[in-house]
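Visitor: For reference, the structure I am asking about is given below.
The values are calculated or read from the model by the stated rules, or taken from the named source; none is laboratory data. Bear in mind the structure is a predicted one, so any value in this text is a computation, not a measurement. Reconstructed Cβ throughout: ideal geometry from the backbone, glycine too, with neighbour counts over all protein chains shown. Accessible surface is based on the protein model in full, side chains and every heavy atom, while ligands, DNA and RNA are left aside. Shrake-Rupley method; radii C 1.70, N 1.55, O 1.52, S 1.80 Å.
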Amino acid sequence: MLLFQSVFYFLLIGTAIVSSIILRFELIKSDKKLPVAWRNSFSLRNLTLSISFLTIFLLCNLTTEFVSQYLAKQHIYNSFIFSFDFTISSVFLFGFLYKHTQTVWKQYTYLLLYIIIIAYLINGGYYHPKCILPGTSALLIYSIYFIAALLHLTDLLLNPKSDYFKLQLKINLSFSINMLIASIATSFQWSLDGNENWFEIYFQIQFINMMLFYFSLALIFISEILKLRRK
């Protein structure tokens, strides 16, 4: 990754993280402005907690990128870092989806999807420091993330009058589109073996896709912050 691209990439992730933290505090401040009988409402506490989950998910991604790039520059295997990232960050991602899903069987499905990820990583020995994650691992995990986001989206659309519907919908669509593009791009990766030009195009697609994801989250969070401050 070129220096400029790397700096810009980390800047976008950092902006998404900082804006999510500010949004959480703005939500807490807005709660204090409500009538006493409405304060600490379940929906607001639910949203505040889920935003915290999303913040930790983003922090895990940022930490993984830093560590993996450092190890790569030291010519040290870094695949196992992504295995641990999927293990830890998935908990908070599914936690975010779980908190905003009303259908019980879908909530249990998140747990099942997480177990599939862990079982795959353990079975493949991908926690070993010298492991090499195959292309199928990214396709599997991106697909699982997309399925989880789709479950949340269907639950959300069935309850359009739920609290903070628009915010949840924007976050979901941002994540769903990101995972869909990542899954499609990864599914074509095997046909690019030996073709450096096409592989570079694949890398750029994935890189731009991730930057747009973090950029969209930052915009969503900043937009909500501005709305809360105008109230």
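Visitor: I'd like the full set of residues that are of a type in the set (A, V, I, L, M, F, W, C) and either open to solvent by less than 40 Å² (accessible area, probe 1.4 Å) or more than 20 Å from F213 (Cβ to Cβ) (or both), limited to region 79-95.
Guide: Within region 79-95, F80, I81, F84, F86, L93, F94 meet the criteria.
Visitor: Just one of the numbered conditions (1) of a type outside the set (S, T, Y); (2) under 30 Å from T87 (Cβ atoms); (3) at pLDDT below 80 is not true of L47; which one?
Guide: (3)
Visitor: Given the residues I76, I118, which is the only one that is open to solvent by 60 Å² or more (accessible area, probe 1.4 Å), over 23 Å from S19 (Cβ atoms) and β-branched (V, I, T)?
Guide: The unique qualifying residue is I76.
Visitor: Could you say whether any residue in region 142-152 is free of Cβ contacts under 8 Å to residues at least 60 places away in the same chain, in contact with a Lys or Arg (Cβ under 7 Å, 6 or more places away or on another chain) and surrounded by fewer than 18 Cβ atoms within 10 Å (Cβ to Cβ)?
Guide: Checked against the condition, which is being free of Cβ contacts under 8 Å to residues at least 60 places away in the same chain, in contact with a Lys or Arg (Cβ under 7 Å, 6 or more places away or on another chain) and surrounded by fewer than 18 Cβ atoms within 10 Å (Cβ to Cβ), region 142-152 yields no hits at all.
Visitor: On to the next question. Taking T136, is it of a type in the set (V, I, T), surrounded by 14 or more Cβ atoms within 10 Å (Cβ to Cβ) and without any contact (Cβ under 8 Å) to a residue 24 or more places away in the chain?
Guide: Answer is yes for this residue.
Visitor: Name the residue, out of Y110, Y98, that is under 30 Å from L157 (Cα atoms) and open to solvent by less than 40 Å² (accessible area, probe 1.4 Å).
Guide: Testing whether each residue is under 30 Å from L157 (Cα atoms) and open to solvent by less than 40 Å² (accessible area, probe 1.4 Å) leaves just Y110.
Visitor: Are any residues in region 149-181 assigned to a helix (DSSP H, G or I) and of a type outside the set (A, V, I, L, M), and if so, which ones?
Guide: If the condition is that a residue be assigned to a helix (DSSP H, G or I) and of a type outside the set (A, V, I, L, M), then H152, T154, D155, F165, K166, Q168, K170, N172, S174, F175, S176, N178 are the ones that fit.
Visitor: Then there's this: If the Cβ limit is 8 Å and pairs must be 6+ apart or interchain, which residue in region 13-31 that is closer than 15 Å to K227 by Cβ pairs with which residue that is open to solvent by 60 Å² or more (accessible area, probe 1.4 Å) and part of a helix (DSSP H, G or I)?
Guide: S19/I222; E26/R229
Visitor: So, one more: Within region 211-231, restricting attention to residues that are touching a residue at least 24 places away in the same chain (Cβ under 8 Å) and open to solvent by 40 Å² or more (accessible area, probe 1.4 Å), which residue is nearest to S183 (Cα to Cα)?
Guide: Per the criteria, the residue is L212.
Visitor: Suppose we keep only residues that are open to solvent by 70 Å² or more (accessible area, probe 1.4 Å) and over 19 Å from the mean Cα position of the chain (by Cα) within region 165-193. Which one would you say is modelled with the highest pLDDT?
Guide: The residue in question is F188.
Visitor: Here is a follow-up. Under 8 Å between Cβ atoms, at least 6 apart or on separate chains: pull out the pairs that start in region 58-75 with a residue that is farther than 18 Å from Y214 by Cα and end on any residue that is among the hydrophobic types (A, V, I, L, M, F, W, C).
Guide: V67/I81; S68/I81; S68/F82; Q69/M1; L71/I81
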